[in-house]
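No lab work stands behind these numbers, since they all come straight from the coordinates. Quantities reported herein were computed from a predicted structural model and do not represent experimental measurements. Methodologically, a virtual Cβ is constructed for each residue, glycine included, from the backbone with ideal geometry; neighbour enumeration extends over all protein chains shown.
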Amino acid sequence: MKTTLSLLAIMIGTFTATAQKPNYNLLIGTYTQPGVSEGIYVYDFDTKTAGFKANTVEKNTINPSFLTLSPDQHFVYAVNEDGKDSKVSAFSFDAAAGKLSALNTQKAEGTDPCYLIADEVNVIIANYSSGSIAVFGKDASGALLPAKQVIQHTGSSIDTARQKSAHVHMVKFTPDHKYILSNDLGEDKVYIYAYDKDAEENVLVAKDSINVKPGSGPRHITFSPDGKYAYLIQEMQGDLTVFSYHNGSLTKIQETTIVDKNFKGEMGSADIQISADGKFLYASNRGEANDITVFAIQKNGKLVYRSRTSTEGKGPRAFVIDPSGNWLLVGHQYTNNVVIFKRNKATGAITDTGKRIDVGAPVCFVFVPKK
């Protein structure tokens, strides 16, 4: 009897430990200068409870302000936003241990990279201050090869303070991976490039460009899960533009805003995300607003305003919906924390859980399953 009870206790203990084991790594990119951050942080995150635990920190990497994951989830790539000394870095990633290991760096071939994407063959970065795009190959180890293509944008727009020259803010694969979109805040344009991943030189070839409202400053774009619609947030005026998408072409179908009609303060639209079920869109506003606006997505792709919620911090540069869809995590660049909200899947509304991850200048999030 005692033996049976002992075995039962062990089994219960093992089951409990397994049930409580976090099932995702949460990687957080940060600004290390100036500030209290030391690099790229890895946390254990439990999608059932939004419980978290600090695991590892990859130090000695300057301003890893944006991260991306390779399709096989074995490698992480980071920009190093550092003016004329900017770089792009490669890391191997042990998902079981939650540990990054540095592979190498390459010159960014531009200044202040702020975004990057990766597939099986290439890593492509957006250099904000220099207004350029750089394409890097990879070797078998996941390390970066020297840039094989650099594209320089040269235009400007009407805001003489912020749009004197091109400022590439994003590169984004289209859902079919045949094209790459590039938002240029300085030019008020979205560029469309044909993408040949296996090309040795001309990986990107200009196909078209779309003009948006002068002075709006296109920042981030995202696609509906079915790939039929694209949503563009513009940083400088809070505009939100909806496009239909088909075979490398964007057609505007709606123009709206994330800003309350009575808001008169400093603007700073930032991030945009769509729930995995395609029902809701979320957009953050920095400046003096520090809030997230929620829209319902209609069957025709158009947006209907639902709610607006304070992010409970300053500088919501980035946020993410966790893989379960139950939680929305907001990183505050200036109050040095991540605020965790509970997300109502039926209404899209978010409510503060009171949970906080204290970390310096969190500005990017990547979830990776535990192995």
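Using the Cβ of LYS264 as centre and a radius below 15 Å, the other residues enclosed give a net charge of -3, where K and R count +1 and D and E count -1. Shown is the FRET efficiency for SER249 and GLN298, computed with R0 = 25 Å from the Cβ-Cβ distance and rounded to the nearest 0.05: 0.75.
Computed from backbone phi, the HN-Hα couplings of segment 365-371 come to 10, 9, 9, 10, x, 5, 8 Hz, rounded to whole numbers (Karplus: 6.51 cos²θ - 1.76 cosθ + 1.60, θ = phi - 60°; Gly and Pro given as x). Each residue, LYS370 and GLU288, gets one label point 7 Å from its Cα in the Cβ direction; the gap between the two is 4.5 nm. Cα centroids of segment 313-349 and segment 41-56: 14 Å apart.
The stretch between ARG308 and GLN33 holds 95.9 nm of extra length on full extension. This uses 0.36 nm per residue minus the Cα-Cα distance. Each other residue within a Cβ distance under 9 Å of LYS53 adds +1 if Lys or Arg and -1 if Asp or Glu, for a net charge of -2. Rounded to the nearest 10 degrees, what's the angle between the helix 2-20 long axis and the longest principal axis of the chain, both from Cα atoms, 0 to 90? Helix 2-20 sits roughly 10 degrees off the main axis of the chain.
In this entry, segment 285-347 is assigned a mean projected area of 4.7 nm², taken as a quarter of its C-alpha convex hull surface.
Rounded to the nearest 500, the helix-only mean residue ellipticity at 222 nm of the chain stands at -1500 deg cm²/dmol, with each DSSP H run of n ≥ 4 adding -39,500 (n - 2.57). Each Lys and Arg contributes +1 and each Asp and Glu -1, all at the Cβ; summed about the Cα centre of the chain, the dipole is approximately 1120 debye. Across ALA78, ALA361, ALA95, mean-square fluctuation computed from a Gaussian network of the chain (C-alpha pairs under 10 Å connected) peaks at ALA95. Each residue of segment 46-59 is assigned a 3J(HN,Hα), and the resulting list reads 9, 6, 7, 10, 6, x, 9, 8, 4, 10, 9, 9, 8, 8 Hz, derived from the Karplus form 6.51 cos²θ - 1.76 cosθ + 1.60 (θ = phi - 60°), x at Gly and Pro. Each of THR311, THR222, THR174 was scored by other Cβ atoms within 10 Å of its Cβ. Listed from fewest to most, they are THR222, THR174, THR311.
In units of the compact-protein estimate 2.2 N^0.38 Å, segment 237-305 shows a Cα radius of gyration of 1.16. In terms of other Cβ atoms within 10 Å, VAL363, VAL212 run from fewest to most in the order VAL212, VAL363.
Peptides 181-189, 202-210, 297-305 ranked from most to least packed by the mean count of surrounding Cβ atoms within 10 Å: 181-189, 202-210, 297-305.
Each Lys or Arg adds one and each Asp or Glu subtracts one; over the other residues with Cβ under 9 Å from the Cβ of GLY131, this totals -2.
For segment 54-149, lysine pairs with C-alpha atoms less than 18 angstrom apart, excluding pairs fewer than eight positions apart on the same chain, total 9. The Rg/Rh ratio for segment 181-339 is 0.98, where Rg is the radius of gyration of the alpha carbons and Rh is the Kirkwood radius. Panel order for SER141, SER156, SER310, by other beta carbons found within 10 Å of each beta carbon, from fewest to most: SER141, SER310, SER156. Overall dimensions of the chain, expressed as equivalent-ellipsoid semi-axes from the Cα gyration tensor (√(5λ), whole Å, largest first), are 34, 26, 20.
Which of ASN25, LEU116, THR47 sits farthest toward the positive end of the charge dipole of the chain, with +1 on the Cβ of Lys and Arg and -1 on the Cβ of Asp and Glu? Result: THR47. Under the convention that each Lys and Arg Cβ holds +1 and each Asp and Glu Cβ holds -1, the size of the dipole of segment 49-168 around its Cα centre is about 200 debye.
Per residue, the average separation of C-alpha pairs within less than 8 Å and at least 6 apart gives segment 192-329 a relative contact order of 15 percent. Taking the charge dipole of the chain about its Cα centre, with +1 at Lys and Arg Cβ atoms and -1 at Asp and Glu Cβ atoms, the residue from GLN163, ALA276, GLY248 reaching farthest to the positive side is ALA276. Mean separation of Cα pairs under 8 Å and 6 or more residues apart, divided by the residue count, gives the chain a relative contact order of 12 percent. For segment 145-273, the relative contact order is 17 percent, taking Cα pairs closer than 8 Å that sit 6 or more residues apart in sequence and dividing their mean separation by the residue count.
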